[in-house]
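Notes follow once the structure below has been shown.
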Amino acid sequence: PPRTRTPESGITLESEELCLQAMSADPLDRPSAKELADHIGTILEGTKERERRIEEARTRVREGSAALDRWRILKEELGELDHRVRELAKSVAPWAPSAEKAPVWELEDRASRLRIEAIGAFEEAEAGFLRALGEVPDDRDARNFLATLYFDRFSEAEKTHDIEGQRYFRSLVTRYD
């Protein structure tokens, strides 16, 4: 059998079976030229489809990775902005007129918009990696990026003592790592 003779060649089981059938000692057991051509076409189509799915998965991983980078940048900006809001809010008395509170409110509104943008980037990253796994279920890069993404969220939950969040994201890390 071809796979036994050259195991390093990567011959598929399907190809080997077709080859063995074509080399049958009994001519009646051999496929006709048309049947042989049809089988080879089917095998090649399967190979092309696998290659297409792998390329699609790579594209989705690249998209997810870009969104992951954007999410991290937004989270960093958000941390800095939240710090500025806290510092500015300390300098404004609770009974201060609205004109003095307006800069704090403005920064809070900006932080809120940034939070929404960060959520969108997170969702986009997650969706990209999950789509990659939809194309190639064992794609190592997609699984690693998802585990990293979920580990970052687990770490956030740890910092805020969010037990439910820790448990949820730990289970996702475990699933994809």
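Tally the residues that are farther than 12 Å from Val173 by Cβ and assigned to a helix (DSSP H, G or I), restricting the search to the stretch 128-144.
Going through the stretch 128-144 one residue at a time, the tally reaches 11.
Which one of Thr59, Thr148 is within 18 Å of Tyr176 (Cα to Cα) and among the polar types (S, T, N, Q)?
Details: Thr59 fails: within 18 Å of Tyr176 (Cα to Cα).
When all the criteria are applied, what remains is Thr148.
For the stretch 82-101, does any single residue satisfy the condition of being open to solvent by 100 Å² or more (accessible area, probe 1.4 Å), closer than 26 Å to Ala142 by Cβ and basic (Lys, Arg)? No. Applying the set (1) polar (S, T, N, Q); (2) closer than 30 Å to Pro137 by Cβ; (3) modelled with pLDDT under 95 to Thr59 leaves exactly one unmet item: (3). Applying the condition of being within 17 Å of Arg70 (Cβ to Cβ) and aromatic (Phe, Trp, Tyr) to the stretch 91-140 and asking which residue is farthest from the chain's Cα centre (by Cα) yields Phe122. Can you tell which of Phe122, Phe129, Phe145, Phe169 is more than 26 Å from Glu55 (Cβ to Cβ) and of a type outside the set (A, V, I, L, M)? Unique residue meeting the criteria: Phe169. Candidates are the residues of the stretch 44-81 that are open to solvent by 70 Å² or more (accessible area, probe 1.4 Å) and over 27 Å from the mean Cα position of the chain (by Cα); the one that is farthest from Gly10 (Cα to Cα) is Glu80. For the criterion of being surrounded by 16 or more Cβ atoms within 10 Å (Cβ to Cβ) and over 20 Å from Phe154 (Cα atoms), Leu114 passes.
The values are calculated or read from the model by the stated rules, or taken from the named source; none is laboratory data. Since the structure is predicted, the reported quantities are computational estimates derived from the model, not experimental observations. Here the Cβ is made from the backbone with ideal geometry for all residues, glycine too, and neighbour counts use every protein chain on show. Surface accessibility is based on the protein's heavy atoms, side chains included, excluding ligands, DNA and RNA. Shrake-Rupley method; radii C 1.70, N 1.55, O 1.52, S 1.80 Å.
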